[in-house]
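First the structure, in the form of structure tokens, and then the observations on it.
Values in this text are rule-based calculations from the coordinates and carry no lab data. These figures come from a predicted structure and were not determined experimentally. A quick note on method: Cβ atoms are made from the backbone with ideal geometry, for glycine too, and the neighbour counts reach across all protein chains shown.
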Amino acid sequence: MADVQEREEAELEGLSIDAVHRRRPPRRSRRQRSAIERAADAIVALRTPATADLALIQSAPELEPEVALVQELALARDEAEVLEPAAVLEAELQPVPIVEILAETVPVAVAAPEPAPAPGEGFKDLLGQAVGLRLDAVTRSYRMGQVTVQAVTDVSLEIAPGEFVAVVGPSGCGKSTLVGLLGGLDRPTSGHVYAAGAALDQLPEPALADYRLQRVGTVFQTFNLVPTMTAEDNVAMPMALAGMAPAERRARARRLLKLVGLEGRAGFRPGRLSGGEQQRVAVARALAGRPGLVLADEPTGNLDSTNGGQVLALLRDLHRRGATVVLVTHDPEVAAGADRVVKMRDGRIVVNKTPGRRTARAPLPLDPVTRLRTVDTLRLGLDAVGRRPLRTALTAAGAALGIALTSLILSLGATNVGRGVGFLAAITLAVCGFAIVNTMYMSVVDRTREIGVLKALGARFRDVTLVFVAEAAVIGAASGLLGAGAAGVLAGIGNRVAGERLFVVSPRIAVVALLLAIALSLASGLLPAVRAARLDPMRALRYE
């Protein structure tokens, strides 16, 4: 068939068959075509240098025409950077060379792929698929006593995948509320919020938590690092929530810390880090779940110009790699590096000159995650117990004394002296329960902001509940062991004082005491745990 077509072309144009054959583009391998397409996409996007893939293309000598064309366009673009603005605009209005490249090298219309990291940068799995966003007539109001406050009013906005958008406005104009809506931390009072093809305002809470865990990375103005965890553990927290194996998440956490220049600070707690270092740890943590959307809420607000510049450079690098970046700031100079600036005032968008670019690419489905492992839940519970050692020790001592007294009362039940004392044992256990409930409620209050951080990172209702139940179980188990030991000591003292064996604490009673302590702690800690899991993430993050 190809020979017939060549013969017909040769007869029509008066050429030899060999000349027609030489004029046809050579057949290329899939790797060669892919290299050409990526180089063309890099030029069209104008985000990475046009020579990003030249090393790969030049490995095939037969691609010299394409290499020459790409280099010529790259040189033309570099020269255009020194032209006057009017000349640059005129150059942008002449897309003929780009059309020629696409026509010759890309046989079918395809969506622009996510830019791959340049050779030597590592981290092929740094980011997920870029997330597109859309808000349709969104309003968010809050009830403060008898007053209703509208933080966001009738906002419509579209952000394309891979776009860098800065939201600028004075304090109190609704910027942070807008970020909370985009990040799935809050739901609109009216209107709809779409992200990655899903209506966030209609998703159930577990699906919304999965969206926060797998699609979004949030960088807060106040860092919101867990103070009792090292930098490495803070970065690994989202991966622990996703059920990743300990060795794998530690390796990724170290790589992320190296990416932000803090590989030597992995074992340091936030209190030993500067403000700029803490914010870079927060950036690394935001990348733990391979997000396609990075939300930065005033990331330079608490930093000096040097540290702020380093954080902004990290955000620009993430945008260059293909992520959608939404930056909230009140500083126009910080916003100047974005593709588009959206200005807000009094909860409304007042300036949005350039409309968002649309995309027809469907989002890829998310892989299911195994969620928080039991061993990690217990570890978090132990970590929480150790944060307030004095208060925890006093609670455990009081509960242990109650368990010891309960054991002694139960040992009296087998004698004539102890008949009818079961009621006293029940009262003693109730007193122990109140002590544990008080401790757990105080823990919830002290860790309100941390709970908000966990939910912002993607923790589900079940995850938060299990962490606090594990904390109560640890206190109960410690109280049971101490109580059983104390019961034996007190029984010996009592028998010597009475001159007879009134108290007989058998192994069975010791086991029963331990089980009672654990069951009591679980029952006492369940209510505070549920209260913690039901906290609204936005309110929890603002708690002082």
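Once a ≥ b ≥ c are taken as the square roots of the eigenvalues of the Cα gyration tensor of segment 199-309, is the result rounded (a/c under 1.5), prolate (a/b larger than b/c) or oblate (a/b not larger than b/c)? Oblate shape, in that a/c is at least 1.5 and b/c is the bigger or equal ratio. Here the 3J(HN,Hα) profile of segment 473-485, calculated from phi with Karplus coefficients 6.51, -1.76 and 1.60 at θ = phi - 60°, is 5, 5, 4, x, 5, 4, 5, x, 5, 5, x, 5, x Hz, Gly and Pro shown as x. Among residues other than Lys175 with Cβ under 9 Å from its Cβ, the summed charge is -2 (Lys and Arg +1, Asp and Glu -1). Across segment 396-404, coupling constants 3J(HN,Hα) worked out from phi with the 6.51/-1.76/1.60 Karplus curve, θ = phi - 60°, read 5, 5, x, 5, 5, 5, x, 5, 4 Hz, and Gly and Pro carry x. Taking θ as phi - 60° and the Karplus parameters 6.51, -1.76 and 1.60, the scalar couplings of segment 519-535 work out to 4, 5, 5, 5, 5, 6, x, 5, 5, x, 5, 5, 4, 5, 5, 8, 4 Hz in sequence order, x denoting glycine and proline.
So if we plug the beta-carbon distance of His192 and Ala313 into 1/(1 + (r/R0)^6) with R0 = 41 Å, what FRET efficiency do we get, rounded to 0.05? Write down the numbers at each step before the final one.
Details: r = 35 Å, r/R0 = 0.84.
Rounded to the nearest 0.05, the efficiency is 0.75.
Per-residue extension of 0.36 nm, minus the Cα-Cα distance of Val351 and Asp125, leaves a gain of 77.8 nm for this segment. Take the Cβ-Cβ distance between Thr370 and Leu394 as r, set R0 to 60 Å, and report the resulting FRET efficiency rounded to the nearest 0.05. That gives a FRET efficiency of 0.95. Amide H to amide H distances under 5 Å link Val167 with Leu327, Val328, Thr329, Val342, where only residues 5 or more positions off or on other chains count and H is placed in the peptide plane. Available extension along the chain between Asn438 and Ala247 is 65.1 nm, counting 0.36 nm per residue and deducting the alpha carbon span. For the pair Arg387 and Asp154, a Förster radius of 51 Å applied to the C-beta separation gives a FRET efficiency near 0.70, rounded to the nearest 0.05.
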